[in-house]
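Peer 1: Okay, handing you the structure first.
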Amino acid sequence: MPTHLILDGYNLLSVGGRQSGQLESARERLLRELASYRHRKNHHITVVFDGWQQGHPSEQREHRSGVQVIYSKRGERADQVIQRLAREYGSDCAVVTSDHEIVNAVRAHGAFVMGAQEFASKLRSSSISTGVVPNKELDTGEDVTPRRGPEKKGNPRKLPKSQRQRDRNLKRF
């Protein structure tokens, strides 16, 4: 079953370092990238943009190449829309944002959270598949997995359970 991916649009754009005068073109470029990502990964994607200061009196929704785009209504922030969507979908969704308030709220509803920087790198790398072996240093061939301290018990090469679970969730993207 495909996961529903909810993205904080301007938060994701700020990771890309957009120029102030090129907001519309950056938004269009992001939507094109997300459409091709949706085609490859088969996830339902919803991007939420702020419209609370100069938006329409009602929430605006549109579909572009299979990606649902939501502009929040005047007086409502995109954060509130994302939290509402996460409440609706629960654990069947993943939220992409770097806003700590949203992260805490959507985790309470069981949603998986991914940072905007982390998703942006996945978005770029998913279109370019390299033959790189994960967790191996390219120059030396040595393992780069984190080492555990001597006070810990158990297998020192095994990551903590929470980290292994997060890695499994990230592989879906």
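Peer 1: Which residue pairs have Cβ atoms closer than 9 Å, lie 6 or more positions apart in sequence or on different chains, and pair a first residue in segment 76-94 that is in contact (Cβ under 8 Å) with a residue 60 or more places away in the chain and closer than 13 Å to residue 59 by Cα with a second residue that is of a type in the set (S, T, N, Q) and in a helix (DSSP H, G or I)?
Peer 2: Every condition considered, the pairs that remain are 78/11.
Yes/no matrix, rows are residues, columns are (1) within 21 Å of residue 8 (Cβ to Cβ); (2) within 12 Å of the chain's Cα centre (by Cα); (3) at pLDDT below 55:
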| site | (1), (2), (3) |
| --- | --- |
| 97 | yes, yes, no |
| 108 | yes, no, no |
| 115 | yes, yes, no |
| 147 | no, no, no |
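Peer 1: Which ones in segment 60-92 are surrounded by fewer than 16 Cβ atoms within 10 Å (Cβ to Cβ) and touching a helix residue (DSSP H, G or I) at 6+ places or on another chain (Cβ under 9 Å)?
Peer 2: 64, 65, 66, 87
Peer 1: Is there a residue being among the hydroxyl-bearing types (Ser, Thr, Tyr), within 18 Å of the chain's Cα centre (by Cα) and at pLDDT 80 or above anywhere in segment 122-142? Don't jump to the end; show me each part of the working.
Peer 2: Kept after step one, since they are among the hydroxyl-bearing types (Ser, Thr, Tyr), are these residues of segment 122-142: 125-127, 129-130, 140.
From what's left, within 18 Å of the chain's Cα centre (by Cα): 125-127.
Now restrict to residues that are at pLDDT 80 or above: none.
Scanning segment 122-142, I find no residue that is among the hydroxyl-bearing types (Ser, Thr, Tyr), within 18 Å of the chain's Cα centre (by Cα) and at pLDDT 80 or above, so the answer is no.
The values are calculated or read from the model by the stated rules, or taken from the named source; none is laboratory data. Keep in mind that this is a model prediction, so the values were computed, not measured. FYI the Cβ positions are ideal-geometry reconstructions off the backbone, even for glycines, and counts take in every protein chain you see.
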